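Novice: Sharing a structure below in structure tokens format, with a few things to ask.
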């Protein structure tokens, strides 16, 4: 559990677990989900008891984006990027946020660095202390959204690499399981981002916190960023479908080329087989049977037939 105190015009300070105090001071309490009794330890910062259902939801690592509010506090659950950002593991983790006029409590997965950067920037003075609890919440949600935005680059690079492999005729593409698995992950991420947009909109419409005009604009920017992520997920699924179509078209074209080659070879050898069969009949009297030029004339005729067929196929654009 890490507790930061904020006051306008001052650098954020780390405080110990004690009863809060100070006029105009508000707090950010960052907690790992493994700390199951966190609600008892943060009671001095809350003027009311938390609902048991909300406590249970905050400990649920698979909870989807969700908002629920009471007269005393708001609970907002969002999904943040997981610690593994490889294209094969585009996962998200549940982050629960409890918001009151004097404190923001974040419950995140253990060892998840989702809020490491804003905490370091607050403590170093690199970023000014937020002016209100609503501004602090915006900065935390902005960090979560930036992490989701990084998925756009990861997905784009992976799809470009797979497209190059599919179009490379020298190598056989063999990552079909990973490709199909990525499509399933993109579908789940699409549903997650849609739920996150709905939860944020519901929170803005029902929260009792005062949201200034400038802050409302910033929250709308978060919506725009999430919509970009959503569009990327949808377009990436279409791109994967396009890659599959490209592959099947390439396979079909290759099969057609092979069949065309075999058909041409068969068409060329059919008249040659006819000539060979004619002169191979077991009759005593056949044309040129006793001529010394017969083999050479027959060979010339056969080569002429082959040449004529190849010229015909070329003119018909069968070759």
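Novice: Using 0.36 nm per residue of separation minus the Cα-Cα distance, give me the extension gain between residue 301 and residue 221 in nm, one decimal. Provide the component values of the computation, followed by the final result.
Specialist: Numbers: separation 80, 0.36 × 80 = 28.80 nm, distance 8.06 nm.
Gain on stretching residue 301 to residue 221: 20.7 nm.
Novice: Something else now. Relative to the longest principal Cα axis of the chain, at what angle does helix 213-279 sit, 0 to 90 degrees, rounded to 10?
Specialist: 10 degrees
Novice: Now a separate question. Just rank 10, 247, fewest to most, by other beta-carbon atoms within 10 angstrom.
Specialist: Exposure proxy ranking, most exposed first: 10, 247.
Novice: Order of 291, 106, 208 from fewest to most other C-beta atoms within 10 Å?
Specialist: Working: 291 10, 106 25, 208 13.
Ordered by Cβ neighbours within 10 Å, fewest first: 291, 208, 106.
Novice: Give, in nm to one decimal, the length gained when the segment between residue 62 and residue 254 is fully stretched (0.36 nm per residue of separation minus the Cα-Cα distance).
Specialist: 64.6 nm
Novice: May I ask for log10 I(q)/I(0) of region 1-139 at q = 0.12, 0.17, 0.22 Å⁻¹, from a Debye sum over the Cα atoms as equal point scatterers with solvent left out?
Specialist: So the normalised log intensities work out to -0.47, -0.95, -1.50.
Novice: In degrees from 0 to 90, rounded to the nearest 10, what is the angle of the helix 176-206 Cα long axis to the longest principal axis of the chain?
Specialist: The angle comes out near 30 degrees.
Novice: If you take the beta carbon distance between residue 48 and residue 198 as r and set R0 to 35 Å, what does 1/(1 + (r/R0)^6) give as a FRET efficiency, to the nearest 0.05?
Specialist: According to the calculation, E is roughly 0.85.
Novice: Measure nothing fancy, just the Cα-based angle from helix 133-167's long axis to the longest principal axis of the chain, in degrees from 0 to 90, nearest 10.
Specialist: Value to nearest ten degrees: 10.
Novice: For the chain, what is the mean residue ellipticity at 222 nm derived from helices alone (per DSSP H run of n ≥ 4: -39500 (n - 2.57); sum divided by total residues; nearest 500 deg cm²/dmol)?
Specialist: -19500 deg cm²/dmol
Novice: Quick one: check the C-alpha center-to-center distance for region 84-155 versus region 1-71, whole angstrom.
Specialist: What the calculation gives is 15 Å, centre to centre.
Novice: How many nm separate the modelled label positions at residue 164 and residue 319, each set 7 Å beyond the Cα in the direction of the Cβ?
Specialist: So the two model labels end up 3.7 nm from each other.
Novice: Mind jotting down a quarter of the surface of the convex hull over the alpha carbons of region 61-163, in square nanometres, one decimal?
Specialist: Across all orientations, region 61-163 yields a mean hull projection of 7.7 nm².
Novice: Set the Förster radius R0 to 41 Å, insert the Cβ-Cβ distance between residue 272 and residue 245 as r into 1/(1 + (r/R0)^6), and round the FRET efficiency to 0.05.
Specialist: 0.50
Novice: Now for a different question. For the chain, state the semi-axes of the equivalent ellipsoid (square roots of 5 times the eigenvalues of the alpha-carbon gyration tensor), sorted largest first and rounded to whole angstrom.
Specialist: Semi-axes from the Cα gyration tensor: 76, 17, 15 Å.
Novice: Still on this structure, I have one more. Would you mind computing, in nm to one decimal, how far apart the modelled labels at residue 188 and residue 146 are, each placed 7 Å from Cα along Cα→Cβ?
Specialist: In this crude spin-label approximation the distance works out to 2.6 nm.
Novice: Another one. Counting other C-beta atoms within 10 Å, which of 311, 229, 78 has the fewest, and how do the rest follow?
Specialist: Least to most surrounded, the residues fall as 311, 229, 78.
Novice: Still on this model: Take the Cβ-Cβ distance between residue 208 and residue 228 as r, set R0 to 25 Å, and report the resulting FRET efficiency rounded to the nearest 0.05.
Specialist: The calculated FRET efficiency here is 0.25.
Novice: Oh, and also: Run the quick spin-label model on residue 7 and residue 71: label points 7 Å from Cα toward the beta carbon, then report their separation in nm to one decimal.
Specialist: 3.2 nm
Read-outs: derived from the displayed coordinates by stated rules, not from any lab. Being a predicted model, the structure only gives us computed values, none of them experimental. A quick note on method: Cβ atoms are made from the backbone with ideal geometry, for glycine too, and the neighbour counts reach across all protein chains shown.
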